[in-house]
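The values are calculated or read from the model by the stated rules, or taken from the named source; none is laboratory data. Note that the structure is a prediction, hence the values are computed from the model and not measured. Here the Cβ is made from the backbone with ideal geometry for all residues, glycine too, and neighbour counts use every protein chain on show.
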Amino acid sequence: NYVWTQNGIIAKDSLFYPFEERGLQFGDGIYEVIRIYQGNYDLLEAHIDRLYRSAEAIRLQVPFNKETLIASLQKLAEKNAVETDAKLYLQITRGSAPREHTFPNVPSNLYAYIEQSARPAAQLQQGVRTILTEDIRWDLCYIKSLNLLPNILAKQTAKEKGAYEAIFHKNGQVTEGSSSNVFIVKDNVLYTHPAAQNILHGCVRNRVLNLAAESALEIQETTFSTQQLLAADEVFITSTTSEVMPVIEVDGNCIRNGKPGVITRKLQLAYEKVSE
Ligand code: PDD
């Protein structure tokens, strides 16, 4: 099992970090999670583009250009002989240096590794329960930053309540999930929060909007309230690992009849078709 670092591909067990590392001490870095279906990366360029946008936003140097990065990730998949469904985790931090808030003058630290990851087949079929929780995060959630404490706390609360995901809301408006984007369908119109600075611009979100446009579904990239969420005909969340995941319950309230919706199912199937 191999990991890719700025120094090349090395055995996973041989990667060590100094305790004074910007990611470890400050969460001073960015990351991506990329799906692999049957050994092939899905939405690879979209993820890499977002990685560069995140890096620019925090004034972090990516030690490679896009072409080298993509070629290296392909090499890593080959070296690990990935043939099944898996996912890649990649992170870049501002490097290893004595702890001081200001930027050190050292090279970035990068690593990427691949892990087996089965599709959540049962949940995709049956739908999942969710809870609502206040969005206490900062204003720049479009940056895929390593600072995930609010997301972790929200997801843990969801788990303890028997739910799959926590849906954030701010001033009564739904923003996104703790690790997903949120969509609702009402009267045959698809709504999702606009790709503003306060949510992550999900790669799956973007693909689903394209699929919806192709199917001539009316799309509104506008905010919607928690009341509109509860009164929706259909609700689903999207992410690299959750794909198009039907939501059948929010805070103990069934979404309509408590079964995955028809439009959700259509988009789910369309998604499977393009990503297989
Ligand atoms: N999470 N919103 C947040 C806060 C996320 O963390 C994610 C992804 C998404 C969906 O983005 P995408 O469609 O590009 O996966 C939305 C990843 C999977 C994670 O942190 O594990």
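Looking at VAL208, VAL182, which one is at pLDDT 95 or above, in a strand (DSSP E or B) and either farther than 27 Å from SER54 by Cβ or within 14 Å of the ligand (Cβ to nearest atom) (or both)?
Details: VAL208 fails: in a strand (DSSP E or B).
That would be VAL182, the only listed residue that is at pLDDT 95 or above, in a strand (DSSP E or B) and either farther than 27 Å from SER54 by Cβ or within 14 Å of the ligand (Cβ to nearest atom) (or both).
Pull up segment 1-23, narrow it to residues that are in a helix (DSSP H, G or I) and touching a residue at least 40 places away in the same chain (Cβ under 8 Å), then point me to the one that is surrounded by the most Cβ atoms within 10 Å (Cβ to Cβ).
ARG22
Go through segment 53-72 residue by residue and tally those that are in contact with a helix residue (DSSP H, G or I) (Cβ under 7 Å, 6 or more places away or on another chain) and in a helix (DSSP H, G or I).
3
Being closer than 15 Å to VAL62 by Cα and either without any contact (Cβ under 8 Å) to a residue 24 or more places away in the chain or out of contact with any Gly (no Cβ under 8 Å at 6 or more places or on another chain) (or both) is the filter here, so list the residues in segment 97-129 that pass it.
PHE103, ASN105, VAL106, LEU110, TYR111, ALA112, listed by residue number.
Please pick out the residue among ALA81, ALA112, ALA71 that is under 17 Å from ARG50 (Cβ atoms) and small (Gly, Ala, Ser).
Numbers: ALA81 fails: under 17 Å from ARG50 (Cβ atoms); ALA71 fails: under 17 Å from ARG50 (Cβ atoms).
Unique residue meeting the criteria: ALA112.
Answer yes or no as to whether GLU56 is of a type in the set (Asp, Glu), more than 16 Å from the ligand (Cβ to nearest atom) and either touching a strand residue (DSSP E or B) at 6+ places or on another chain (Cβ under 7 Å) or over 23 Å from ARG119 (Cα atoms) (or both).
On the way: of a type in the set (Asp, Glu): yes; more than 16 Å from the ligand (Cβ to nearest atom): yes; either touching a strand residue (DSSP E or B) at 6+ places or on another chain (Cβ under 7 Å) or over 23 Å from ARG119 (Cα atoms) (or both): yes.
Judged against the criteria, GLU56 is a match.
If you go through segment 206-216 one residue at a time, do you hit one that is assigned by TED's automatic domain parsing to the domain that holds GLN126 and farther than 29 Å from LEU44 by Cα? Can you show your working first?
Step one: filter segment 206-216 for residues assigned by TED's automatic domain parsing to the domain that holds GLN126, giving 206-216.
Within this subset, residues satisfying the condition of being farther than 29 Å from LEU44 by Cα are none.
No, segment 206-216 contains no residue that is assigned by TED's automatic domain parsing to the domain that holds GLN126 and farther than 29 Å from LEU44 by Cα.
Of the conditions (1) assigned to a loop (DSSP other than H, G, I, E, B); (2) within 16 Å of the ligand (Cβ to nearest atom), ILE237 clears all except one; give me its number.
(1)
Under 7 Å between Cβ atoms, which residue pairs at least 6 apart in sequence (or on different chains) link something in segment 228-241 that is of a type in the set (Phe, Trp, Tyr) with a partner that is more than 12 Å from the ligand (Cβ to nearest atom)?
Listed pairs, sorted by first residue: PHE236/PRO246; PHE236/VAL247; PHE236/THR264.
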